[in-house]
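Have a look at the structure below before the remarks.
The values are calculated or read from the model by the stated rules, or taken from the named source; none is laboratory data. From a predicted model like this one, the values you see are computed outputs, not experimental measurements. Cβ: placed from backbone, ideal geometry, glycine included. Neighbour counts: every protein chain shown.
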Amino acid sequence: MSPQELQHLIDHIPTNTEGVRAALMNEALAAAEAEARAQWYAAQAAMSARQAADDLLLWHRDVLMRFEFAGPKGLYKAARYENFELTTPAQHFALASVKGDLWPQPDETWHLMTLAGPPGSGKTHLAAAWFAEQTVADMHAHFIDARTLLRRLTHAKGAALDELMRHFAQGKRASSPDEPVGMELFGARHLVLDDLGADPMSAHERSLITEVIDARISTGSLQTLITTRATRSELLTLLGQRCMSQIESGPWVPMAADDQLKARRQCSMTAAEKVPLPGLSQADIDQQLRALQSHADQATQVLAERSAHLATVRRALSRLPPLAAPAPKQIRATSW
């Protein structure tokens, strides 16, 4: 019953008391049912909002932990697309390439890309910024320099080596959470292999890095971003033809050196040392929490409207004259 219809009934109380009483009684029952449903819905919405807020804060914590365990160190922890200074066409091209803006279809992306250039060209900064974006997107990202990766692979034996290869080469989670290889092994779907070719490699190390790159490309779903200061010919000599062929199957993005740019970029990252991850500033989190709470607030508003309607119906019923008590039955005395 709409408010207008209810007011029409109330206005006709003096002329049709019993008809109005019957209509108001039916409306009171319907309003009580609606209020009960609104109470249940408001309680569910409040509980869901609290659970969603808890999940959001836990996810925020897990992303930050993941970034600390598997992310870049030092100044590059603050590297973001926003503080990557663009001064040359090569810088613009590299940024667009990494972000996937050059692909013809929105759902297409690259699977292996190499950022090549001398120190100071911004390779690691851009790779670290890409890693930060991917960490927020699904947490299955890892930033590691080639020297550290090879050290971990060469020192690991047996099951530990298998788990490392699952993580880095196949992008899969560790098969057992109890394996003593590090809690960061979530599966590196997005891998930054930084400064490949900076050091000489043994034949065993060359075979390991080739196995990792070959396995990642074979999946067809993982992303690998390589940075190197070596030229194509130097990498070919260092890695061999097989590994180099895999690397050259993806875009090779040259970047030029600029010592002044490097100094400015380092100053920028130092000033932004506490820069939040993309979409994870306190303002972003607060906005998401408010959005979650707004659904519960809407349910509470509906409950308030249902309760107010029921109270109006009950007040209207209270204005009706009381029902007349039925006359007592006359019992005739019977003589036996």
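When we screen Gln105, Gln91 for residues that are at pLDDT below 80 and either more than 28 Å from Thr219 (Cβ to Cβ) or in a loop (DSSP other than H, G, I, E, B) (or both), the only hit is Gln105. If I filter the stretch 37-56 down to residues being under 16 Å from the mean Cα position of the chain (by Cα) and surrounded by 13 or more Cβ atoms within 10 Å (Cβ to Cβ), which single residue comes out as nearest to His167 (Cα to Cα)? Of everything passing the filter in the stretch 37-56, Leu56 is nearest to His167 (Cα to Cα).
Of the residues making up the stretch 184-196, just one is among the small types (Gly, Ala, Ser) and either buried (at least 24 other Cβ atoms within 10 Å of the Cβ) or modelled with pLDDT of 90 or more (or both), namely Ala188.
Any residue in the stretch 97-106 that is in contact with a His (Cβ under 6 Å, 6 or more places away or on another chain) and more than 30 Å from Ser202 (Cα to Cα)? Walk me through it before giving the result.
At the first step, the residues of the stretch 97-106 found to be in contact with a His (Cβ under 6 Å, 6 or more places away or on another chain) are none.
No: zero hits.
One line per residue, one yes/no per condition, for (1) out of contact with any Phe, Trp or Tyr (no Cβ under 7 Å at 6 or more places or on another chain); (2) not hydroxyl-bearing (Ser, Thr, Tyr):
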residue	(1), (2)
Met47	yes, yes
Ala70	no, yes
Tyr81	yes, no
Leu86	yes, yes
Asp101	yes, yes
Met113	yes, yes
Thr135	no, no
Asp145	yes, yes
Gly158	yes, yes
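Which of (1) under 15 Å from Arg37 (Cβ atoms); (2) at pLDDT below 80 does Gln287 not meet, given it meets every other one? Checking Gln287 against (1) under 15 Å from Arg37 (Cβ atoms); (2) at pLDDT below 80, the one that fails is (1).
Could you please find all residues in the stretch 207-231 being of a type outside the set (Val, Ile, Thr), closer than 30 Å to His92 by Cβ and surrounded by 15 or more Cβ atoms within 10 Å (Cβ to Cβ)? Can you show your working first?
To start, the set of residues in the stretch 207-231 that are of a type outside the set (Val, Ile, Thr) comprises 207-208, 211, 214-216, 218, 220-223, 225, 229-230.
Still in the running and closer than 30 Å to His92 by Cβ: 216, 220-223, 225, 229-230.
Selection gives Arg216, Leu222, Gln223, Leu225, Arg229, Ala230.
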